[in-house]
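Peer 1: Would you mind keeping the following structure in view while I ask a few things?
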Amino acid sequence: RRNKEELDFDIPNKLEITIKSSPCELQKEIIERSLEANPTTQQKLVLSRKVSNSPVLLLNRKLFNDIPVEYILLRSPKMRILDRILEKLVMTQHRFLIYSQWTKMMDIITRYFEWKNYKCLRIDGST
């Protein structure tokens with residue numbers, strides 16, 4: 001166990017920035033069609049969260065490896081923004097933490113990292 005004297009309290013403050021993105025046409029269409037089925041409020045919330053991250057999340061997990069990463073980037077404005085941000089962070093040798101409540105989303109991000117040849121450490125229930 002560490003003593004208080006051994007801890008480094010010169011940790012820089014966390015920088016948090018919110019970037020908003022608009023849904024792509026596919027995301028809008030999925031949301032519109034799903035609302036026609038009169039889902040419950042809980043179903044609406046889950047669907048909107050999944051679709052806003054990536055429409056690919058609605059597919060069966062077994063299909064992920066067959067989908068090109070370029071396709072995933074084209075269908076998800078959030079992934080395109082993440083791509084631009086991470087390119088700059090990696091280029092400047094920054095470290096970063098990505099959090100998601102969806103393990104499927106972590107599967108997508110892991111595939112993206114492999115495609116970009118970025119080193120990553122994934123910590124979730126499957127680790």
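The values are calculated or read from the model by the stated rules, or taken from the named source; none is laboratory data. On a predicted model such as this, the values are computed, not experimentally measured, just so you know. Note: ideal-geometry Cβ built from the backbone for every residue, glycine included; neighbour counts use all protein chains shown. These accessible areas exclude ligands, DNA and RNA; they are computed on the full protein's heavy atoms, side chains included. Shrake-Rupley method; radii C 1.70, N 1.55, O 1.52, S 1.80 Å.
Peer 1: For the range 10-44: of the residues being in contact (Cβ under 8 Å) with a residue 40 or more places away in the chain and aliphatic (A, V, I, L, M), which is nearest to Leu58 (Cα to Cα)?
Peer 2: Restricting to residues being in contact (Cβ under 8 Å) with a residue 40 or more places away in the chain and aliphatic (A, V, I, L, M), the top hit is Leu26.
Peer 1: Taking the range 83-98, which residues are charged (D, E, K, R) and under 17 Å from Arg111 (Cα atoms)? Can you show your working first?
Peer 2: Residues of the range 83-98 that are charged (D, E, K, R), as a first pass: 83-84, 87-88, 95.
Result: Asp83, Arg84, Glu87.
Peer 1: Residue by residue through the range 40-51, note down the ones that are surrounded by 12 or more Cβ atoms within 10 Å (Cβ to Cβ) and not charged (D, E, K, R). Outline the logic, then answer.
Peer 2: Taking the range 40-51 first, the residues surrounded by 12 or more Cβ atoms within 10 Å (Cβ to Cβ) are 43-44, 46-51.
Within the range 40-51, Gln43, Val46, Leu47, Ser48, Val51 qualify.
Peer 1: Filter the range 76-98 down to the residues that are under 16 Å from Ser54 (Cα atoms) and open to solvent by less than 70 Å² (accessible area, probe 1.4 Å) and list them by number.
Peer 2: Residues satisfying the conditions are Ser76, Pro77, Met79, Ile81, Leu82, Asp83, Ile98.
Peer 1: Separate question: Can you tell me which of Val90, Val56 is among the β-branched types (Val, Ile, Thr) and in contact (Cβ under 8 Å) with a residue 40 or more places away in the chain?
Peer 2: On the way: Val90 fails: in contact (Cβ under 8 Å) with a residue 40 or more places away in the chain.
None of the other options fit; the residue is Val56.
Peer 1: Residue check, Met106 against (1) under 18 Å from Ser52 (Cα atoms); (2) touching a residue at least 24 places away in the same chain (Cβ under 8 Å); (3) not β-branched (Val, Ile, Thr), all met but one. Which one?
Peer 2: Evaluating Met106 over (1) under 18 Å from Ser52 (Cα atoms); (2) touching a residue at least 24 places away in the same chain (Cβ under 8 Å); (3) not β-branched (Val, Ile, Thr) leaves (2) as the failure.
Peer 1: Identify, please: which residue in the range 17-51 is under 24 Å from Leu86 (Cα atoms) and among the small types (Gly, Ala, Ser) and is, among those, nearest to the chain's Cα centre (by Cα)?
Peer 2: In this case the residue turns out to be Ser21.
Peer 1: Which residue is surrounded by the fewest Cβ atoms within 10 Å (Cβ to Cβ), if the candidates are limited to the range 99-119 and must be in a loop (DSSP other than H, G, I, E, B) and modelled with pLDDT under 90?
Peer 2: Tyr99
Peer 1: Looking at the range 11-39, which of its residues are open to solvent by 100 Å² or more (accessible area, probe 1.4 Å) and outside any helix (DSSP H, G or I)?
Peer 2: At the first step, the residues of the range 11-39 found to be open to solvent by 100 Å² or more (accessible area, probe 1.4 Å) are 11-18, 20, 25, 32-33, 36, 38.
Once the filter is applied, which keeps residues that are open to solvent by 100 Å² or more (accessible area, probe 1.4 Å) and outside any helix (DSSP H, G or I), the range 11-39 yields Ile11, Pro12, Asn13, Lys14, Leu15, Glu16, Ile17, Thr18, Lys20, Glu36, Asn38.
Peer 1: Also: Going through the range 52-71 one residue at a time, which ones are surrounded by 17 or more Cβ atoms within 10 Å (Cβ to Cβ) and either within 11 Å of the chain's Cα centre (by Cα) or among the charged types (D, E, K, R) (or both)?
Peer 2: Of everything in the range 52-71, those that are surrounded by 17 or more Cβ atoms within 10 Å (Cβ to Cβ) and either within 11 Å of the chain's Cα centre (by Cα) or among the charged types (D, E, K, R) (or both) turn out to be Asn53, Ser54, Leu57.
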